[in-house]
1. Out of everything in segment 124-173 that is closer than 25 Å to residue 369 by Cα and of a type in the set (Lys, Arg), what residue ends up being farthest from the ligand (Cβ to nearest atom)?
2. I'd like to know if segment 214-235 contains one or more residues that are within 12 Å of the ligand (Cβ to nearest atom), in the same structural domain as residue 97 (by TED's automatic domain parsing), open to solvent by 30 Å² or more (accessible area, probe 1.4 Å) and assigned to a loop (DSSP other than H, G, I, E, B).
3. Within segment 174-198, how many residues turn out to be without any contact (Cβ under 8 Å) to a residue 40 or more places away in the chain and either within 16 Å of the ligand (Cβ to nearest atom) or open to solvent by 40 Å² or more (accessible area, probe 1.4 Å) (or both)?
4. Counting just the residues of segment 101-119 that are open to solvent by 10 Å² or more (accessible area, probe 1.4 Å) and more than 18 Å from the chain's Cα centre (by Cα), which one comes out farthest from residue 149 (Cα to Cα)?
5. List the strands (runs of 3 or more DSSP E) inside segment 335-405, counting only whole elements, that have at least 1 residues being at pLDDT below 95 and under 29 Å from residue 240 (Cα atoms).
6. Scan segment 269-288 and tell me whether some residue there is farther than 23 Å from residue 80 by Cβ and open to solvent by less than 20 Å² (accessible area, probe 1.4 Å).
7. Name the one entry in 48, 87 that is in a helix (DSSP H, G or I), open to solvent by 10 Å² or more (accessible area, probe 1.4 Å) and within 16 Å of the ligand (Cβ to nearest atom).
8. Checking the conditions here, which among 402, 366 is outside the structural domain of residue 323 (by TED's automatic domain parsing), more than 17 Å from residue 54 (Cα to Cα) and open to solvent by 30 Å² or more (accessible area, probe 1.4 Å)?
Amino acid sequence: MNTREFIEIEEKYGAHNYHPLDVVIDRAEGVWVYDVDGKKYLDCLAAYSAVNQGHCHPAIIKALKDQADKVTLTSRAFRNSQLPMLYKELSEMTGYPKVLPMNSGAEAVETAIKAARKWGYKIKGVDENKAEIIVCTNNFAGRTVTIVGFSTEEQYKDGFGPFSPGFKIVEYGNAQDLESAITPNTVAFMVEPIQGEGGVVVPPEGYLKKAFEICEKNNVLFIADEIQSGLGRSGKLFAFDYEGIKPHAVTIGKALSGGAYPVSAFLSNEEVMSVFNPGDHGSTFGGNPLGASVARAALKVLVDENLIEKSFELGNYFREKLKAVGSPHVKEIRGKGLFIGVELHQSAGGARRFCEALKDRGILCKETHDNVIRFAPPLVIKKEEIDWAMESIHEVLLMDVKVEA
Ligand SMILES: *Cc1c(COP(=O)(O)O)cnc(C)c1O
């Protein structure tokens, strides 16, 4: 079957909750994906940073296959021999003493919300059902009803109410706004150190540090959502590392499994995690041995292949090259590490047509919002592959630009 036929079947039987580019991927390796017609593309999205380690990384796939032959699911009614090792390795790598495993990113965020509220009632002393969590404008934290309830994106909420109370929204990047929103009932400030879905938005330098200090002063938990920005994407293990802070809790997901299997986690200090007692929270698949084994391998690849440092260096290189194009369509080039956003002027006619044009030249990108092209290739990308891609990116960014004679 060819691309057209697969798309027809998908459109006929599937829910239309996505608007994908018309490429039907059949297999992938490293930074390259191949469609059903045999055409090859450089993946510059990396499954929203879930495949930081590259597609089908041999070490991760080996862990997946080996564990699949042993035991895949025990449920947490019993213990398994992979989870303790994931706990230990994740804790040693991140410096967080406690780990709670889940599957999707949204579940890790839900876990963070439950932890923060219960910490507020049991430890901070907030009155029952009064806890407030502060979030930011332009946030993205997943698609559950509670999470979309505090989104500022109207489409994410439209038709899905009523929503959970207990959230307050402040302006992203504005520490003053955070400080004014805090009340004695505030239990947590939950923030993406770099907003991914929001358009790779990097807050002003010093903002996270200031926000952290405000939280400390007011006995409010600072929870970093590093599901997209974490695990090397930003050129540091965590994007908050750029400001030298240590949030009280962190959510991770996506690249935690290198894209081979859904694995997420909530990381925190001892005090916060102590609020969970047997029966308080859980998930049938959370912490399963297959996912734990895959996550252990995925973390090991980040370290063994120096992917975090590579992201830092190649990210700077990629941004320099993009700036050198000097396209009049471009309003701003931003990001850290290989987490790059190219914001276009309104007059450019939307990012989608640029993504379509890149696709035709063998590069896969996805627009975020209407005017931002995100470049976030697997961190295993080579400098020569960036150079190869830049030839097409250069052409596409200069689309319809009249050159003066
Ligand atoms: C993707 C994402 C989530 C949600 O993860 P899912 O696995 O899609 O549920 C949460 N927070 C951030 C910052 C994300 O980018």
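The values are calculated or read from the model by the stated rules, or taken from the named source; none is laboratory data. Note that the coordinates shown come from a computational prediction; the quantities given were computed from them, not determined experimentally. Positions of Cβ are generated from backbone atoms using ideal geometry, with glycine treated the same way; all protein chains shown enter the neighbour counts. SASA here: full protein model, heavy atoms, side chains in, ligands and nucleic acids out. Shrake-Rupley method; radii C 1.70, N 1.55, O 1.52, S 1.80 Å.
1. 168
2. Within segment 214-235 (the criterion being within 12 Å of the ligand (Cβ to nearest atom), in the same structural domain as residue 97 (by TED's automatic domain parsing), open to solvent by 30 Å² or more (accessible area, probe 1.4 Å) and assigned to a loop (DSSP other than H, G, I, E, B)), the answer is no, since none of the residues qualifies.
3. Taking segment 174-198 first, the residues without any contact (Cβ under 8 Å) to a residue 40 or more places away in the chain are 174-177, 179-180.
This time we only want the ones that are either within 16 Å of the ligand (Cβ to nearest atom) or open to solvent by 40 Å² or more (accessible area, probe 1.4 Å) (or both), so: 174, 176-177, 179-180.
Residues meeting the conditions: 5.
4. 118
5. Values: elements: 339-344, 366-368, 372-375.
The qualifying strands (runs of 3 or more DSSP E) are 366-368.
6. Scanning segment 269-288, I find at least one residue that is farther than 23 Å from residue 80 by Cβ and open to solvent by less than 20 Å² (accessible area, probe 1.4 Å), so the answer is yes.
7. Numbers: 87 fails: within 16 Å of the ligand (Cβ to nearest atom).
Going through 48, 87 in turn, the sole match is 48.
8. Working: 366 fails: outside the structural domain of residue 323 (by TED's automatic domain parsing).
Result of the check over 402, 366: 402.
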